[in-house]
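The next block holds one structure in the form of structure tokens; read it before the comments.
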Amino acid sequence: MAEAERPAGKEYTTISEVSGPLMVVEGVEGAKYGEVVEVETPTGEVRRGQVLEARRDAAVVQVFEGTSGLDTTSTKVRFTGETLRIPVSTDLLGRILNGRGEPIDGGPEIVPEDELDIHGAPINPAARKYPSDFIQTGISAIDGMNTLVRGQKLPIFSGSGLPHNELAAQIARQATVPGEEEEFAVVFAAMGITHEEAAFFRREFEETGALDRAVLILNLADDPSMERIITPRIALTVAEYLAFENDMHVLVILTDMTNYCFAPGTRVITASGDVVEIDEIVERAAETAVDGGLREGSTEVTVGVTNVRTLAAWDGDLTSNDVVAVEKIEAPSRAVRVRTRSGAELVVSEDHKFLVDTEDGPRMVEASELKSGDELYSVRELRVSEKVPTYLELLLEAEDKFYVHPTEEFEEAVAERYGSLAEACREKELPYRAREAKERRYYELSEFARLATAVIESVDEATEYIDYVTAGGRKRVKFSSPRPGKEVMYVAGLIASDGSVDTERGFVMFSNTERELLSAFEEIVTEEFGVDASKTENQNGVTMLRVNSRVLARVFERLADPKTVLKMPRELVAAYLAGYVDGDGHLKDGKIVITTADRERAGDLQLLLKRLGVPSVLRERDGAYDVVVTGHDAAELAEELPLRHPKKAEAAASMSSGRRSSRFDRVSRRFGRLLREVRRKYGVRASDLGSSSTISQIESGERRATRRLALEIVERLEEVVGDVEEVRELRELAEGNYVLDEVVEVETVEYEHEYLYDVTVVPDHTLVVENGIITSNCEALREISAAREEVPGRRGYPGYMYTDLATIYERAGCIRGRKGSITQMPILTMPHDDITHPIPDLTGYITEGQIVLSRDLHRRGIYPPIDVLPSLSRLMDEGIGKGKTREDHPDLSNQLYAAYAEGRDLRDLVAVVGEEALTERDRKFLKFADEFEQRFVKQGRDENRSIEETLDLGWELLAILPERELKRVSDELIEKYHPKYRQKKEEQEE
């Protein structure tokens, strides 16, 4: 909305809770529902919001820009006493606004004639005038078969990848009320669209001149999702002003009133460092869902903050987000497989969005619109909640029985606490084992843990009371420290790469030919655990070291797993990777290559490398998988890894002198364009920043700047112009926590699974998946519902969603005594073509019909792909016929519908029995169905048919059928409009 002078209001700093996009402010007096709130952060940034719920002494505030980064102790909240209002004027015609109603077209400020509350109100049924006037869209499938009537609510049900945007733009350009063209206007509101879609709509309206009688309101995909809730209300407020204050007939087009999903097995990276498959997250959340979870065969959504926190990335930084909704959706027949240069592979629904680099910066793009060469944003350095498990924790997770032999100090401490060891065992309900010799006394691991809680404050202290641990045999393991350190993690890397763990037989083995590695393994195992390794040599001269210990088998089963290592601090990750490279990696030609036989293990290694800020490429060869690091990244990795293999350590040392760039060194395309803008604004010469030709190539996009070159340019620029906002943005682009992962293949595939899975996370609405790819989720109404911890309705949407939609749709119509009218055409993209999705389903109850787009027609090249059979206009009969369109319109439409339906049925029959089995009559109906689609439904994207042209075309198609089959049209109309009789009449007149 347009900025106005900040009104005086009460200010509070009593934020008690932040949840998703909402915050609770305590001690508030007199707050009103819908009241505008200004939120001032400690940095001086001002965000806007509105009161969603007013209690006796508190207010729930919805923050449009999100609550990320708000400090509850020092953030100020100012209640303005005003509701959300928009300045309105007839000068809005021809203008382009953002989702908040602010001009973004570079034109002058709007001089308001009034300011109106955006929430408005549905038209009073007592004042509502029944719609009865025809609106011509110029599209035969609508005008002829599903006629739009002035004041009607007629939605378009579409699917991902279908041309609903093109259809919406065409309707907006062509629609008119015959005879009242000068009083007709269009308000076009688009929610959650990409920049490419926004550019398309602007171009369509500007180049055709349609903008002169239209208002465009554009909310982009990377604008705050909360904005999408107010955007349609702003559009309708503008429409109401034009219609009921200026006597105009206004067509309101709203796209898109809905919105993505992953195949099972897609790996999501959580804030705790766990890598969890998305279907596991959904099913886990469902088990504890407030609505009883996902029922068998259901597509219900579970809402409520789960104990899963995912990593989200936006603007190059990582944040931790709550999962507030999960969804298990019956899968479509098709999905999109996306492969990237790094080796990431994702199968997603066609409407799922990825963060793609452009000259304007990161933009969300649907999978169906991706193409080879696009660059996806991926995280450079994974930052998670770090944790190093204790050895006791690792053993407690195993099913084996382990026995702790405590020190004398332990029993003395327990006796001091309880009076005696026997008394302590009785209180803890544990067996008391009295032995002749204390050194023979032992406890099962779980028993020891229960006793230890009485005398220790941390798990680390428990290790001090352990003499040794056994698995029931003689092999004793004595831990030198509570948790693994760098030495042990190096051994874990050796075992993971060139060793094995057998938990059934209870041993750990490492085999190699390099003496330094063998010695390191022996020394560390003995020093850290007090055990020795047996040594054998095979016929190939490979030495095998084996430690027979069921205890260490369980310890290294976990420590050798990259998923465990992912949560550890950086130095332990580096130690593990050093062991892995020493065992089964090689350094050559400026590359570091780690090889594994397992695809999932290769992906885990890529994530481990990203814990160090190192991107890599996964390549498959001869049944093995290479994880390859090149260029500057390889040199920096070589410096950080504490390698012990003599030749590999030597190669690592020499690698630093020959650094080269890799594709992952590129910065965003935005850098070049912004650099040019900064130079022009501040009058900086290219030669002041380096080679003039290099700067010119970067600015034109001919050359991509590497991170290092970009940083050098920024540092020189800072010397010239100082620390200004634009230069800070350039520095963020040069140093940001991202890499650009090029798309190498996009293909539509037959979907092989029963379900797709989705999660909604707040506040950022993005997920980090697979090897660091940044992707999207989220629908705003579900987000608010989850944040308020409301009892969920269908598929996680709030129970009041029917009412919420009705307050939008019921603002359309005609009012008695007013000349103007509002007609609505909301466009809904049905996730996975599911017409039972809550938003299209409830929309169908509220509105007066629907236009349904067909994926089958679209695949066969028919535009617009309107399927007239499931489509319906409930008010059509009121707006057609004599004096409105033409007298033959009702009967003609019925006959066309019946003939096309029969032809479609016969098409299905032909697929079974073949066309030769049909009668001559049947063949004519079959031909009619084909011709109806090719000539009546199909038309040019710029073709504007009059209603007369549409009806005449319908009669031409009916001429394909025997006249006796035209049973729904009167003989009088046949003689008047059938081509056979019209031709005779014209010949007679001539």
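The alpha-carbon positions of the range 10-83 define a convex hull whose volume is 71 Å³ per residue.
In plain terms, the residue of Phe936, Phe510 with the fewest other Cβ atoms within 10 Å comes first and the most crowded comes last, giving Phe936, Phe510. Against the compact-protein benchmark of 2.2 N^0.38 Å, the Cα-based radius of gyration of the range 91-248 scales to 1.04. Arg337 sits among other residues whose Cβ lies under 12 Å from its own Cβ, and their net charge, with Lys and Arg +1 and Asp and Glu -1, is -4. For the chain, DSSP calls about 80 percent of its internal beta bridges antiparallel. Counting only aspartates and glutamates at least 8 places from Lys153 when in the same chain, those with an alpha carbon closer than 17 Å to its own are Asp133, Asp143, Glu240, Asp256, Asp804, Glu810, Asp841, Glu848, Asp877, Glu878. Taking the Cα centre of the range 10-83 as origin and assigning +1 to Lys and Arg Cβ atoms and -1 to Asp and Glu Cβ atoms, the resulting dipole is close to 120 debye. Note that the range 35-131 shows a convex hull volume over its alpha carbon atoms of 174 Å³ per residue.
For the pairs Lys387/Lys478; Lys353/Lys610; Lys563/Lys610; Lys401/Lys535; Lys486/Lys563; Lys588/Lys647, note any where the Cα-Cα span goes beyond 19 Å. Beyond 19 Å between Cα atoms: Lys387/Lys478; Lys353/Lys610; Lys401/Lys535. Adding -39500 (n - 2.57) for every DSSP H run of four residues or longer, then dividing by how many residues the chain holds, sets the calculated 222 nm ellipticity at -10000 deg cm²/dmol.
Sketch the reach of a paramagnetic label on Ser89 as a point 7 Å from Cα along Cα-to-Cβ, and name the residues of the range 114-141 whose backbone nitrogen lies under 14 Å away. Only 114-116 pass the distance filter.
For the range 710-721, 3J(HN,Hα) computed residue by residue from phi via the Karplus equation (6.51, -1.76, 1.60; θ = phi - 60°) reads 4, 5, 4, 4, 4, 5, 5, 5, 4, 5, 8, 10 Hz, glycine and proline entered as x. This model, with +1 at the C-beta of Lys and Arg and -1 at the C-beta of Asp and Glu, gives the range 832-932 a dipole about its Cα centre of some 260 debye.
Considering only Ala533, Ala190, Leu220, the residue lying farthest towards the positive end of the dipole of the chain is Ala533, judged by Cα position with unit charges set on Cβ. Here the dipole of the chain is about 1040 debye; that uses its Cα centre as origin and unit charges on the Cβ of Lys and Arg (positive) and Asp and Glu (negative).
Other residues within the sphere of radius under 10 Å centred on the Cβ of Gly603, judged by their own Cβ, net out at -2 (K and R +1, D and E -1). Projecting the Cα positions of Ser692, Gly273, Val542 onto the charge dipole of the chain (unit charges on Cβ atoms of Lys, Arg, Asp and Glu, taken about the Cα centre) puts Val542 furthest along the positive direction. Bridging of Lys924 to lysines at a Cα separation below 27 Å is possible for Lys938, Lys967, Lys976, Lys980, Lys984, Lys985, once same-chain residues fewer than 8 apart are set aside. Placing unit charges on the Cβ atoms of the charged side chains and taking the dipole of the chain about its Cα centre, the candidate lying farthest along the positive direction among Ala649, Gly813, Ser385 is Ala649. The ranking of Ile815, Ile269 from fewest to most other beta carbons within 10 Å of each one's beta carbon is Ile815, Ile269.
Rounded to the nearest whole Å³, what is the per residue volume of the convex hull around the Cα atoms of the range 880-933?
Expressed per residue, the convex hull around the Cα atoms of the range 880-933 is 69 Å³.
With both labels modelled 7 Å from their Cα along Cα-to-Cβ, the Glu397 to Arg716 distance reads 5.1 nm. Counting every other Cβ atom within 10 Å of each residue's Cβ, Leu896, Leu376 order from fewest to most as Leu896, Leu376. Against the empirical 2.2 N^0.38 Å (N residues), the chain has a Cα radius of gyration ratio of 1.15.
Inter-label distance, Val744 to Ser692: 4.1 nm, where each label sits 7 Å from its Cα along the C-beta direction.
Each reported figure results from applying straightforward, stated rules to the coordinates on display, with no laboratory input. The structure presented is a predicted model; accordingly, all values stated were derived computationally and were not measured. Quick reminder, even Gly has a Cβ in these numbers, built from the backbone with ideal geometry, and neighbours come from all protein chains shown.
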